[in-house]
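First, the structure itself, so that you have it in front of you.
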Amino acid sequence: MPDSSLLDQVKDFANRPNPYPIYAKLRQNPVSRQDDGTEAGTWVASTHGTIARLLQDPRVSSETLPPADRPRTGNPLTDLIVKPLKDWMMDRHRVFIFRDPPDHDALRSAVMHQFSQERVQAMRARSDKLVADLLDGKRDAREIDAVDDLAYPLPVTVICELFGVPREDEPKFHGWATQLATALEPDSLFNPEIRAKNSRTFDAIGGYMGDLIKEKRKHPQDDMLSGLANHATPAGVKMGDYDLIATSILMLVAGHETTVNLITNGLLTLLRHPDELERLRQDPMRAPRLIEELLRYEPPVQFRTRRTLAAIDIAGVTIPEGADLVLLLAAGNRDESVFPDPDGFDPDRAGTRHLGFGGSLHYCVGAPLARFEAEAALTALARRLKAPRLIADPPPYRQGAALRGPENLRVAIDGIV
């Protein structure tokens, strides 16, 4: 099959269980133009070196979202006045992963000021307790779904507690987050039906967050949202309401969607490598290196999109100005020129320069949180599940190609100790 169709194969749901052979074909040309039906096409970077260079290149923009276009209501006043105003506000106040400096840097600095090491580390013990409680609740079970029973409820509870979202409101975020995560899928950006759903979902969660922000200003507590709503950084950066709403939505959605995949991909990998599962059970101190190898081997974010602000010469080709660009992080993580035996799962490998959390200005803000949540989940599962075995391999996968992970992971067990 010609190179022009390889990106389509990556996005094809039939290949979701194992896209890595396609990535290997793409790496034969470190940067290649893929036919997407447009004159410019889409350019794909697939080797570790080219991805790392492009992540740091100021001529590569993260502002890839098309202009906002909320669905029309049929009400002339709303469609002629309210809709254009809301669209303008949406475009002006994008979440910061879709913004370039200096806006990106200012918003990120405000988040990092509140996302302090002390606040994040305080959630480590809480994660251990949450995992223990979740598994205790399934003690008599002979089957678990690792997604619904652990991988989803753990990170959503952690991020909601960190932000000060009332516990009784946590269930609302499942549907909202699942829908908004589609914004990371390239084809969804130009699908009118998906964009309409995303607009309605954004309005719903935005309204909720706006009300919660008002409450945090009246009655601040020791949580991130209270800090962001009431305090500036030492440099004087303080978000306005619209940026604060967008940032809160980003943190709440990204703060658990990717971690769900990291935990579930991790357990799936361990069940496929029972020797590593047993080693983790015997030695929980292996967890940090195991998590780093998982981020290389089965990263929860497979690729991110960008756009070029100028022509870029790289790897023997010229990417034109204004080109759509896909950085295949997961392909770079299997680059044989960087990682010996790249398709092997080896937590003891040296020098894990993986791209599992992206890189440069957009390196994942929540990386420390994701690491210790995954560590808490996987060490507990290794220790407490008796004779775990996959019920279906491969398991059913979620639709997304960019955020890739099982929709369910059913595991038969002989009990939970």
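Going through the cross-link list Lys83/Lys216; Lys138/Lys172; Lys138/Lys386, which pairs have a Cα-Cα distance over 19 Å in this structure?
In this structure, Lys83/Lys216; Lys138/Lys172 lie more than 19 Å apart at Cα.
So what does Phe13 come to for accessible area, using a 1.4 Å probe and Å² rounded to 10?
Only protein atoms counted, so the area is about 80 Å².
Convert each backbone phi in the range 30-36 into a coupling constant with the Karplus relation 6.51 cos²θ - 1.76 cosθ + 1.60 (shift: θ = phi - 60°), then list the ³J(HN,Hα) values in order as whole Hz, x for Gly and Pro.
x, 10, 9, 8, 10, 6, 10
How much area per residue is accessible in the range 201-299 when the probe is 1.4 Å and only protein heavy atoms are counted (Å²)?
Heavy-atom accessible area per residue stands at 39 Å².
Oh, and also: Which percent of the accessible heavy-atom area of the range 331-415 goes to carbon and sulfur, probe 1.4 angstrom?
Looking at the range 331-415 in its full context, I get 50 percent from C and S.
Related question: Using a 1.4 Å probe on the protein heavy atoms only, what accessible surface does His219 show? Give it in Å² to the nearest 10.
Surface accessible to solvent at His219 totals approximately 110 Å².
Can you tell me how the range 89-219 classifies by the Cα gyration tensor, rounded, prolate or oblate, using a/c under 1.5 as the rounded cut?
Taking the square roots of the gyration eigenvalues as a ≥ b ≥ c, the range 89-219 is oblate.
May I pose another question? Taking H placed 1.01 Å from N in the peptide plane, check which residues at least 5 places from Ala323 or on another chain put their amide H under 5 Å from its amide H.
Thr308
Of Trp88, Trp176, Trp43, which has the largest mean-square fluctuation in a 10 Å C-alpha GNM of the chain?
Trp88
What do you reckon, how do Asp100, Asp348 stack up by accessible area (1.4 Å probe), largest on top?
Greatest to least solvent exposure: Asp348, Asp100.
Would you mind checking the pairs Lys218/Lys238; Lys129/Lys214; Lys86/Lys214 and listing those with alpha carbons more than 28 angstrom apart?
Where the Cα-Cα span goes over 28 Å, the pairs concerned are Lys129/Lys214.
Over the range 66-220, what percent of the accessible surface lies on carbon and sulfur atoms, probe 1.4 Å?
The value for the range 66-220 is 58 percent carbon and sulfur by accessible area.
The values are calculated or read from the model by the stated rules, or taken from the named source; none is laboratory data. Keep in mind the model is a prediction, meaning the values are calculated, not measured. We work out accessible area using only protein heavy atoms, side chains counted, and drop any ligands, DNA or RNA first. Shrake-Rupley method; radii C 1.70, N 1.55, O 1.52, S 1.80 Å.
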